[in-house]
Every structure is written in structure tokens, then in C-alpha cells.
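Everything below concerns the one structure shown next.
The values are calculated or read from the model by the stated rules, or taken from the named source; none is laboratory data. Model, not experiment: these values are computed from the prediction. Please note: Cβ atoms are built from the backbone with ideal geometry, for glycine as well, and neighbour counts cover all protein chains shown. The accessibility values were calculated without ligands, DNA or RNA, using every heavy atom of the protein model including side chains. Shrake-Rupley method; radii C 1.70, N 1.55, O 1.52, S 1.80 Å.
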Amino acid sequence: MIASTAVGVIAIVILSIAWSALWFGLALSVLWGWFIVPLFGVAQIGAAQAYGLILVLRVLQAKAPSKDEQKASFGERIVRIVWVPPLAAGVLILTGWAVSAWV
């Protein structure tokens, strides 16, 4: 019973990292093209390269869950895993679009 629970937790962690990296990779590739390419004259990166870069950054910033995160209900955890990454990526892209249109 404990082994199957551990496998489930590990699977959820891996899927949540992949899901959030997908959305933030998309945001990074768009923002890279809007700001980094014109500013530094470097090549545009694709969504796959941005996805890989986000995964590397996630590994570098890995930390143990806080007490608040451990106390969160199952529903709160699902919201954080499923809904927060696309919403946060959307906010980043919308803010970047507004800044790029302003400049």
C-alpha cells in the first residue's frame, strides 16, 4: 500500500513539473523572441528549447515543500498543479505583449 502511494506521488510530481514546464517554456519562447533577440541579437529559440531550459531551471531551483504546501488539501494541490501554470504563463505573455507594444 505504501509503495503504491509513493509511486503515485512521484508520478504526480513528475507530471506537474512537465506540465508547468510546458506552459512556462511556451511563455519563455515568446518572450525571448520579443525581448532577447532584438536586444542582444541572438537567435530565436523554439518551444522545445525553451521547454528544456525551463526543466534545467526547475532542477536548479528544486526545494522541499514548505509547511503550508504540505498542509494544502488535495483540491488545492490540484489547482496549483493544473491551473496555476497556464494562468501564470498567460499573465507573463500578456504583460510582455503590453511592454513590447509600449516600447
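Ligands, DNA and RNA left out, the accessible area of the stretch 1-86 computed with a 1.4 Å probe is 75% carbon and sulfur. Near residue 69, once Lys and Arg are set to +1 and Asp and Glu to -1 for all other residues with Cβ below 14 Å from its Cβ, the sum equals +3. Converting phi to 3J(HN,Hα) with the Karplus coefficients 6.51, -1.76 and 1.60 and the offset θ = phi - 60°, the stretch 87-100 yields 5, 5, 5, x, 5, 4, 5, 4, 5, x, 4, 4, 5, 5 Hz in sequence order, with x at every glycine or proline.
By the Stokes-Einstein formula, at 1.002 mPa s and 20 °C, the chain with its Kirkwood radius over alpha-carbon pairs has D equal to 139 µm²/s.
What 222 nm value per residue comes from the helices of the chain, counting each DSSP H run with n ≥ 4 as -39,500 (n - 2.57) and dividing by all residues, nearest 500 deg cm²/dmol?
Details: 6 runs with 77 residues, N = 103.
The per-residue figure over the chain is -23500 deg cm²/dmol.
Considering only the other residues whose Cβ falls under 13 Å of the Cβ of residue 84, what net charge follows from Lys and Arg at +1 and Asp and Glu at -1? Mind dumping the intermediate values first?
Details: positive: 77, 80; negative: 69, 76.
Value of the local net charge: 0.
Phi-derived couplings, Karplus 6.51 cos²θ - 1.76 cosθ + 1.60 at θ = phi - 60°, listed residue by residue for the stretch 8-17: x, 5, 4, 4, 5, 4, 5, 5, 5, 5 Hz, with x used for Gly and Pro.
If you roll a 1.4 Å probe over the heavy atoms of the protein chains, what accessible area per residue do you get for the chain, in Å²?
Details: 7570 Å² over 103 residues.
About 74 Å² of surface per residue is accessible.
Peptides 24-34, 4-14, 51-61 ordered by packing proxy, namely the average of other Cβ atoms within 10 Å per residue, highest first: 24-34, 51-61, 4-14.
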